[in-house]
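Here the structure comes first, spelled out in structure tokens, and everything after it is commentary.
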């Protein structure tokens with residue numbers, strides 16, 4: 001971090017970083033985020049919990065969304081392998097680093113089919129980038145997922161968490 005950035009900001013907003021931040025990078029990233037704040041400044045971190053995706057609903061009388069469920073399981077297993085913790089590590093780290101007014105809340109996302117398409121496509125891409133799925137397997141999986149989405153119309157449940165904390169004066 002450049003020295004001129006330390007203590008410069010009143011607010012640092014972090015979005016969608018948790019699922020790509022392994023344990024080996026956690027301490028340095030958290031130190032740098034906190035160092036950006038002026039005394040009295042706030043951190044706001046909004047992110048999805050990478051370990052808790054689920055299928056909230058499927059079309060009545062359709063088959064189970066087994067293909068999509070298998071992608072979710074593989075993705076969560078990959079996150080666990082990378083030592084990506086659950087969302088509770090964010091506020092506990094804030095508190096252990098001396099931040100104050102630590103608050104956490106979560107919001108359920110609107111259950112929409114388009115959300116399912118985007119999230120599952122991102123999971124497949126993530127698995128491919130992690131060498132957990134070959135390019136050919138990813139292509140085949142996308143075809144199967146799209147077929148399943150059109151058939152049973154599954155909607156994902158994936159909570160959005162928001163964490164707030166303040167650097168002491």
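The values are calculated or read from the model by the stated rules, or taken from the named source; none is laboratory data. None of the values given here were measured: they were computed from a predicted structure. Heads up, the Cβs are rebuilt from the backbone with ideal geometry, glycines too, and the neighbour counts pull from every protein chain shown.
Counting residues in the range 49-67 that are within 30 Å of residue 151 (Cα to Cα), at pLDDT 85 or above and in contact with a helix residue (DSSP H, G or I) (Cβ under 6 Å, 6 or more places away or on another chain) gives one or more.
Pairs meeting the criteria (first residue in the range 148-159 and on the phi > 0 side of the Ramachandran plot and assigned to a loop (DSSP other than H, G, I, E, B), second residue buried (at least 19 other Cβ atoms within 10 Å of the Cβ) and modelled with pLDDT under 85, beta carbons under 9 Å, at least 6 apart or on different chains) are 153/65. Tell me whether the range 90-100 contains one or more residues that are out of contact with any strand residue (DSSP E or B) (no Cβ under 6 Å at 6 or more places or on another chain), surrounded by 14 or more Cβ atoms within 10 Å (Cβ to Cβ) and under 18 Å from residue 52 (Cα atoms). Scanning the range 90-100 turns up no residue that is out of contact with any strand residue (DSSP E or B) (no Cβ under 6 Å at 6 or more places or on another chain), surrounded by 14 or more Cβ atoms within 10 Å (Cβ to Cβ) and under 18 Å from residue 52 (Cα atoms). Got at least one residue in the range 162-169 being assigned to a loop (DSSP other than H, G, I, E, B), crowded, with 16+ Cβ neighbours inside 10 Å and modelled with pLDDT of 85 or more? The answer is yes; a qualifying residue exists.
Residues that are surrounded by fewer than 14 Cβ atoms within 10 Å (Cβ to Cβ) and touching a strand residue (DSSP E or B) at 6+ places or on another chain (Cβ under 9 Å) within the range 30-43 comprise just one, 40. Suppose we keep only residues that are touching a helix residue (DSSP H, G or I) at 6+ places or on another chain (Cβ under 6 Å) and in a loop (DSSP other than H, G, I, E, B) within the range 126-147. Which one would you say is modelled with the lowest pLDDT? So the residue we want is 130. Checking the stated criteria, residue 156 turns out to be in contact with a strand residue (DSSP E or B) (Cβ under 7 Å, 6 or more places away or on another chain) and more than 23 Å from residue 29 (Cα to Cα).
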